[in-house]
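Input: a single structure, listed below in structure tokens.
Derivation of every value follows stated rules applied to the coordinates shown; laboratory data play no part. Quick caveat: nothing in here was measured; it's all calculated off a predicted structure. All Cβ positions, even for glycine, are placed from backbone atoms using ideal geometry, and neighbour counts span all protein chains on display.
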Amino acid sequence: MIGYLIRRLLYSIPILIGVCFLTFVLFYMTASPTEIARRNLSAKNPTAQQIKDWEHQHGYDKPKWQQFVDTTEGLFLLRLGRSDSVKGERVMTRIKESWFPSFEIALLSFTAAITINLSLALVVAYFRGTYLDIYGTSLCVFMMSVTYLVYIIGGQFVFGRLLKLTPVAGFLPGWESLRFAFLPVVVAVISGMGASVRQFRTFMLDEMNQDYVRTARAKGVSEAQVLFKHVLKNAAIPVLTTSVQAIPGLFLGSILLESFFNIPGLGNYLVDAINSQDFAVVRAMVFIGALVTIFGYILTDISYALVDKRVRLE
Amino acid sequence: MQAFTSLFTISNLVPIVAIVVVLAGIRRAGRQPLWAEAYRRLGRNRAAIFSLVIIGVYCFVATLDSITWKSNALAQPESVITHLFNAMHVEAERTYSAPFAKMTTGEPHPHPLKGWHVLGTDGSGNDVLLETLRGCRTSIIIGGFTSLLITPVAVLLGMLAGYFGHRVDDLIQYLYTTLGSVPGILLNIAFLLVLGPGLVNLCFALGITSWVDLCRLVRGETLKHRDREYVRAARALGVRDIRILVTHILPNILPVVIITVTLNFSSLVLSETILSYLGIGVPAGTGSWGNMIDAARLELARDPIIWWNLTAASTALFILVLALNVFSDALRDAVDPRLRSS
Amino acid sequence: MNPPLLEVNSLRTYFNTPAGLSRAVDGVSFALLPGETMAIVGESGSGKSITALSIMQLVPEPAGFIESGTIQFNGKDLLDLTWEQMRSIRGRQISMIFQEPMTSLNPVFTIGFQIREAMLTHGKYRGDAATARAHSLLERVGMNSPDKVLRQYPHELSGGMRQRVMIAIALANEPQLLLADEPTTALDVTIQAQILTLLRDLQRDTGMSMLLITHDLGIVSQVADKVAVMYAGQIVEQAPTRDLLSNPHHPYTQGLIASLPSRSRRGNALFTLEGVVPPPTRWPGGCRFHDRCSKRMEICNTQMPSTTSQGEYRSVRCHLYPSAEAVTSQEPTR
């Protein structure tokens, strides 16, 4: 187990380097440092010297490979550095400021989605073959076919404007935040519901056809017990894999959701950084995002081994 | 005739060639027992036929919108649909107007409309029906062209990784794990910034993120087939690796690939709307449901509510995606009854 | 004479398949006395497993359904029971073990849990008593270290050991009837013998009845008191084991026995039955065996033979044996 973890962590190093390289290359293809310097040195037509100074200050005057090595090394040591923008604030400070809204919304929608989708899938699987099942799965396909945008616009319109139950967008700290988080969470849950319920149902029906279900029935175990104990624990394995993969979202938040609802989270920070071509921020955020993703995969494997005793982490 | 050819541009061949190739492929496949059986099963599924007809209608509209000619030597080339609307004198108005309305909406002093608009007009006075119809082409291109881009790459890399294993596998796995570790939407944005806006570039950007899953699937399937007896037998007979891959393994994984690509088609269509919101979708001027829905976001706050724009675009999108989902489900069930979801 | 524990009468179990109606079990009748072991022998596709599943009412739904017939158990017709009533009989009065020990145990629960669950479901044993009984059951089925096995997961056991666990689960509530559906088919030959011996000993010790489903006529003599031979959804011959093996009546049974390796025929090529069981969606007209039969007559093509009694314990479904008297005169008296 420990050996497995160490090997997985070692294996993640080349992946992280690859991610850094990808960001680096994409960045240089997007904009040259000179352009960024011009942009960040305000509109007052900066002199060549000012630009040079700026590049020197941010380390953009070194050879390209040196820049890559320096920044990558810094990221691996979790020295995230300063933003390229005029204020030049520390990336870490911003992350500390804005992780909470992302985390709150992501955690709420993650737990709500898994509870609701799993319960609905269980209900549909229990009544498999009945009209409830047929209408339920059809409804899932309908829900899958509606675009995310319509859920958001519809949600904002109905809850925010017509019913005036929730704010349309924005965020406030403290308990007040729950009021603002409500709509994004509802949208996140509903927009993913169709696909998840259908997928979870398939997982369960696959298990229903297994021989051990017949054995359980032959023992006289009731149908509810067969579904909620025998099938559920086995179906938990694929459900886990699909769900734990969503964990990176707990850090980066849903980039989309945050920019739609104007929530000052990490996703919004990242989108702003991209739009203003703040490379220092982008590379730090992408690096951390990749780190959390890899962490999520390892977590998936561990939870896998915890549920399914056949899996050995070696 | 001379005049006609000069007005009728060469780019019109593209949609025609695409349709001919697709139809020929479908017919060819029908000669194989697996697909012949699948067609037979599909033929019995009424929902599948119905959704196929709907997809066909969308494709037809998209084709009409792709065939262009200039009305005179100096004009911009315009599509069949635009010509049709021009012929019916559906002209651009000043600004918003409700469906069937006679006056514009949202102006302090409403103006009488020049024409008659079934679905009303949008903020710049364009006919919503025309805009909606023009969105078909964009959606079909995004789904179809992106699939066309990623499928060969993903299948090739997946088969190489699965078949040769070792170094090749490590390298290819490394490639897609790295890509998969970056949030997909970020990659889309970054690639669009690099490539610049445009419909074709959008397809490339979407392709970058969506080949990973298919590649992983193909790799897994190849691994499964590599150790089957028929492959071992072929290898024992001294058949070359390339030949084994092309003649033995490829035909066996093709059904799974086709099913996955069809299932993926609808999510590609859906992602166009999201990228449009982020401002990196289809450039303005190309019909796009994403842009229409995005524009409608602000309109709902107005009084009176401008609902027709949003409704038209999202309904058109919904029907296409629903038909695609129903059809790809039916196709999966028809090709491989074992994968049946019930 | 004791009333039979189990009496199956003209049982018909059908399946709706894409190829049409599949008449997997088509008019099966037999009786099983308390403490008796009966074997149902037949090729794959003959309907023998479906017969056992029909008794348990575990025929895969919704494709499969019991069309008609009665299954009297302790004088009650099981087919009249509700799903809940049937559930209280399953695992308590009638238990079943299956062909695939590798997949028949739930991979995510311990062996201990799965044995205890059988007892807790019916409330016959609870708490520590159930644990103690699970322990002794494992010992009884020949597991070496029951304590350890109770905590193990199915994947940690070999196929033979898993089948022993399945037997322990089946015996947990001291059932009156055990249905063993090809319990040894998936196992190695050496282990097959061990499991069969175990089943026979357990049957003798507990006095339960056993219905052994198998395709292997060779193992029948070790275990069964009587044998029913199934072909194409019907029982073609029923007889006490020794009689059936020494003097088979039905040409199909004769073929089966002739195809067994035997010391008396050493050196000769083994007999093989030509052809396969026809698909259950299209049973042939007339006698269902007629196109594979070596003693085919004109009548076999058109008319299905009825089951005729051949002495007290024997019956056969073949035109060669038109009535009881005609044959018993040729039979050596038992």
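Points to keep in mind about this one:
- All Cα-Cα separations within the stretch C:104-174 were binned at 5 Å from zero, giving a P(r) of 4, 20, 34, 26, 13, 3, each value a whole percent of the pairs.
- Angle between chain C longest axis and helix C:127-140 axis [Cα atoms, degrees, rounded to 10]: 50 degrees
- log10 of Debye I(q)/I(0), alpha-carbon scatterers only, for the stretch B:182-262 at 0.12, 0.14, 0.19 Å⁻¹: -0.52, -0.62, -0.82
- Taken as Cα centroids, the stretch B:267-314 and the stretch C:47-110 sit 58 Å apart, rounded to the nearest whole angstrom.
- Between 0 and 90 degrees, the angle of helix B:13-29 with respect to the longest Cα principal axis of chain B falls at about 40 degrees.
- Computed from point charges on the beta carbon alone (+1 for Lys and Arg, -1 for Asp and Glu), the dipole magnitude for chain C about its Cα centre is near 360 Debye.
- Only helical runs count toward this figure. For the protein assembly as shown, summing -39,500 (n - 2.57) over DSSP H runs of n ≥ 4 and dividing by all residues gives -18500 deg cm²/dmol at 222 nm.
- Selected from B:Glu229, B:Glu299, B:Glu91 as most flexible by GNM, with chain B as the system and alpha-carbon contacts under 10 Å: B:Glu229
- Computed over the protein assembly as shown, the range of Cα coordinates on each principal axis works out to 120, 70, 66 Å, biggest value leading.
- In degrees, nearest ten, helix A:91-126 long axis to first principal axis of chain A (Cα): 20 degrees
- For C:Lys295, a cut-off of 18 angstrom between C-alpha atoms picks up these aspartates and glutamates, skipping any fewer than 8 places away in its own chain: C:Glu237, C:Glu274.
- Using distinct alpha-carbon pairs, which all enter the 1/r mean, Kirkwood radius of chain B in Å: 22.6 Å
- With 28 Å as the limit on Cα-Cα distance, the pairs of A:Lys219/C:Lys76; A:Lys164/B:Lys102; A:Lys229/C:Lys48; C:Lys76/C:Lys124; C:Lys48/C:Lys124; A:Lys233/C:Lys124 that go past it are A:Lys164/B:Lys102; A:Lys229/C:Lys48; C:Lys48/C:Lys124.
- Using equal-weight Cα scatterers in the Debye expression, the normalised intensity of the stretch C:1-74 in log10 at q = 0.12 Å⁻¹ is -0.33.
- Options B:Ile16, B:Ile249, B:Ile55, ranked by Cα towards positive dipole end of chain B, top entry (Cβ charges): B:Ile249
- The stretch A:46-185, Rg to Rh (Cα coordinates; Rh as Kirkwood inverse mean 1/r): 1.20
- Residue-averaged beta-carbon neighbours from other chains (10 angstrom radius) around C:104-112: 6
- Using C-alpha pairs below 8 Å separated by at least 6 residues, the relative contact order for the stretch C:223-302 is 24 percent.
- Residue among C:Gly69, C:Phe98, C:Ser88 farthest towards the positive dipole end of the stretch C:58-102, charges placed on Cβ: C:Ser88
- Hull volume in cubic angstrom per residue (convex hull over the Cα atoms of chain A): 170 Å³
- Calculated log₁₀ intensity ratio I(q)/I(0) where the Debye formula runs over C-alpha points of chain C, q = 0.11, 0.14, 0.15 Å⁻¹: -0.74, -1.16, -1.30
- By the Cβ distance rule (another cysteine Cβ under 4.7 Å), the unpaired cysteines of chain C are C:Cys293, C:Cys318.
- Partners of B:Lys70 within straight-line reach, counting lysines whose Cα lies under 30 Å from its Cα and excluding those fewer than 8 residues away in the same chain: B:Lys114.
- Charge dipole (Cα centre; +1 on Lys/Arg Cβ, -1 on Asp/Glu Cβ; no other charges) of the protein assembly as shown amounts to roughly 1080 debye.
- Choice from C:Leu199, C:Leu273, C:Leu179 with maximal GNM fluctuation in chain C (Cα, 10 Å cutoff): C:Leu273
- The charge dipole of the stretch C:187-298, taken about its Cα centre with unit charges on the Cβ of Lys, Arg, Asp and Glu (plus for the first two, minus for the last two), comes to roughly 280 debye.
- Antiparallel bridge percentage (DSSP; both residues within the protein assembly as shown; nearest 5): 65 percent
- The tail of the calculated P(r) for the stretch A:101-278 beyond 30 Å holds 30 percent of all Cα-Cα pairs.
- Partner chain coverage, peptide B:289-299 - average Cβ within 10 angstrom: 2
- Signed unit charges on C-beta, dipole axis of chain A, positive-most listed residue A:Ala169, A:Met143, A:Ile153: A:Met143
- Relative contact order (percent, whole number), chain A, Cα cutoff 8 Å, 6+ residue spacing: 25 percent
- Pairs of Cα atoms nearer than 8 Å and 6+ residues apart set the relative contact order; for chain B it is 20 percent.
- Cα-based reach from A:Lys96 at 29 Å (exclusive), listing lysines while leaving out same-chain residues under 8 positions away: A:Lys87
- Extent of the stretch C:69-201 along its three principal axes (Cα atoms, max minus min coordinate, largest first): 41, 36, 27 Å.
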